[in-house]
Amino acid sequence: MRLSQLIVIGVVLGLGLGWWLRRDAAETTAVSTPATPLTVMATPTAEAATPRASLPASVDAAPDGLLLPVRGVLPSQLRDTFTDARSEGRVHDAIDIMADAGTPVLAVADGTVEKLFDSKRGGLTIYQFEPSGRWCYYYAHLQRYADGLSEKQVIKRGDVIGYVGSTGNASAQAPHLHFEVHVLGPEKQWWKGESINPYPLLKSAASTPGAASAAR
């Protein structure tokens with residue numbers, strides 16, 4: 001066999017051996033290197049994406065069984081205005097219930113008229129404490145109070161306590177009831193409480209009864 005033939009055979013064998021070694025190394029690397037795990041992002045549920053009314057840490061439950069406080073208004077007509085911006089950097093902290101001027105305003109629950117107050121912003125207002133002393137209900141922009149309504153008067157759920165108006169800083173072209181719910185502190189002071197959103201409480205509230213009794 002000639003020398004040139006031996007050289008050609010050696011080159012061919014060398015190339016074949018090199019290809020085989022590279023192939024074996026690649027397979028070994030593929031087996032020994034774990035695949036990078038995929039990160040799966042959880043899809044937010046409707047419940048997680050829906051904001052909830054927050055309660056102070058000291059309160060374990062919100063008031064329930066409230067009556068919608070404006071006669072003739074249905075829960076489906078309500079709009080959440082709790083976080084709406086107001087003048088001087090304030091947040092609304094209430095729900096506005098639109099209605100014609102003079103529409104009866106009803107007590108949302110049993111309780112006591114703690115304070116009747118005429119304020120610059122709220123106009124004619126009522127602060128109602130419920131029997132347990134945990135909650136205060138605040139009604140504002142009233143056109144007038146129900147006849148004979150007085151402080152410390154016991155009222156019942158559904159009693160007429162006033163009438164929708166636009167007193168205070170409300171627009172005369174948009175009469176409404178400004179309604180708040182406050183968590184009372186241990187001092188039980190009508191002017192001092194922490195607001196919670198009334199909207200989810202009133203969305204499940206009972207509509208106006210067939211005939212609300214007049215305030216005594």
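Do the conditions hold for residue 202, that is, is it modelled with pLDDT of 95 or more and either in contact with a His (Cβ under 9 Å, 6 or more places away or on another chain) or open to solvent by less than 20 Å² (accessible area, probe 1.4 Å) (or both)? So residue 202 does not fit the description; no. When region 155-174 is filtered for residues that are in contact with a Pro (Cβ under 6 Å, 6 or more places away or on another chain) and in a loop (DSSP other than H, G, I, E, B), the ones remaining, listed by number, are 158, 166. Scanning region 110-143 for residues that are closer than 19 Å to residue 73 by Cβ and either open to solvent by 50 Å² or more (accessible area, probe 1.4 Å) or part of a loop (DSSP other than H, G, I, E, B) (or both) yields a single hit, 143. Scan region 75-100 for residues that are open to solvent by 70 Å² or more (accessible area, probe 1.4 Å), among the acidic types (Asp, Glu) and at pLDDT below 90 and jot them down. The one that is open to solvent by 70 Å² or more (accessible area, probe 1.4 Å), among the acidic types (Asp, Glu) and at pLDDT below 90: 88.
The values are calculated or read from the model by the stated rules, or taken from the named source; none is laboratory data. Everything numeric in this text was worked out from a predicted model, so none of it was measured. We place every Cβ from the backbone using ideal geometry, glycine too, and count neighbours over all the protein chains shown. To get the accessible areas, we keep the full protein, side chains included, count just its heavy atoms, and leave off ligands, DNA and RNA. Shrake-Rupley method; radii C 1.70, N 1.55, O 1.52, S 1.80 Å.
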